[in-house]
Amino acid sequence: GGGNGTGYNFTEIPLVSTGGSVFEDLNNSGTRDTAEPGIAGVRVVLTGTNVGGTAVNLTSTTDSLGTYAFTNLQPSANYTITEGTVPAPFLDGREQNGTPAAANTSTNDVFAGIDLTATTVASGGFNFGEVRPASVAGVVYVDLSNDGTQQANESGIANTRITLSGTDDLG
């Protein structure tokens, strides 16, 4: 009786979310354009340690539009988003860093160092682009007419070694 109680404060941590998409990068630009379709059924993993000190290891699967999300997260200064296996029949393409930007994107299919502690904007846009495989084919033949087009009477040359060289889309 007669005393005053003070200093009984309750602190709440606002929850955050992040996400992105896995998509077919039709022009291999590394940026998802509006006409580029999403890829459904791809597993994406979020790992890190939240501000409460709890280890986080969550899995999301892309929906029919190729999007994935991790919601109701405690903030972390060091979340990592990793794409699982590249879906068949696609080949690995380029990634598109999200907001706030991951500090480390040097490992393929990984966005590391995503800081969700000091942001007031929505986090997202961590996109994984995939490309369809291509092929090269042709014929080695005796060009009797020297016109660059194989005619019915111009036979192929068997056992000829052909070498394809160059740089792929990832450098």
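Taking the 1.4 Å solvent-accessible surface of the chain as the whole, the part contributed by carbon and sulfur is 50%. Its Cα centre serving as origin, the chain has a Cβ charge dipole (Lys and Arg +1, Asp and Glu -1) of approximately 540 debye. For segment 1-50, rounded, prolate or oblate, judged on the Cα gyration tensor with a ≥ b ≥ c (square roots of eigenvalues), a/c < 1.5 rounded, else prolate if a/b > b/c? Prolate. The chain: longest stretch without exposed chymotrypsin sites (Phe, Trp or Tyr not before Pro) (DSSP loop, at most 14 other Cβ within 10 Å), sites themselves excluded? For chymotrypsin sites (Phe, Trp or Tyr not before Pro) (loop position, at most 14 other Cβ atoms within 10 Å), the longest site-free span of the chain is 11-171.
The dipole here belongs to segment 53-146: it is taken about the Cα centre, uses +1 on the Cβ of Lys and Arg and -1 on the Cβ of Asp and Glu, and is about 120 debye.
The Cα center of segment 23-71 and the Cα center of segment 80-121 differ in position by 8 Å. Between the amide H of Val56 and those of Gly48, Thr49, Asn50, distances stay under 5 Å, these residues lying 5 or more places away or on another chain, with hydrogens modeled in the peptide plane.
With all protein chains kept in place, the per residue accessible area of the chain amounts to 62 square angstrom at a probe of 1.4 angstrom.
Considering only Ala40, Ala134, Ala55, the Gaussian network model of the chain with Cα springs below 10 Å gives its largest mean-square fluctuation to Ala134. Overall, the anisotropy analysis places segment 110-171 in the prolate class: the square-rooted eigenvalues a ≥ b ≥ c of its C-alpha gyration tensor yield a/c not less than 1.5, with a/b exceeding b/c. Put simply, the amide H of Gly124, placed in the peptide plane, has neighbours under 5 Å in Gly19, Thr99, leaving out anything fewer than 5 places away on its chain.
Extension gain, Thr163 to Thr54: 0.36 nm times the residue separation minus the Cα-Cα distance gives 34.0 nm.
The values are calculated or read from the model by the stated rules, or taken from the named source; none is laboratory data. Here the structure is a predicted model, which is why all the values come from computation and not from measurement. All Cβ positions, glycine included, derive from the backbone under ideal geometry; neighbour counts span all protein chains shown. Heads up: the accessible areas ignore ligands, DNA and RNA and are worked out on the full protein's heavy atoms, side chains in. Shrake-Rupley method; radii C 1.70, N 1.55, O 1.52, S 1.80 Å.
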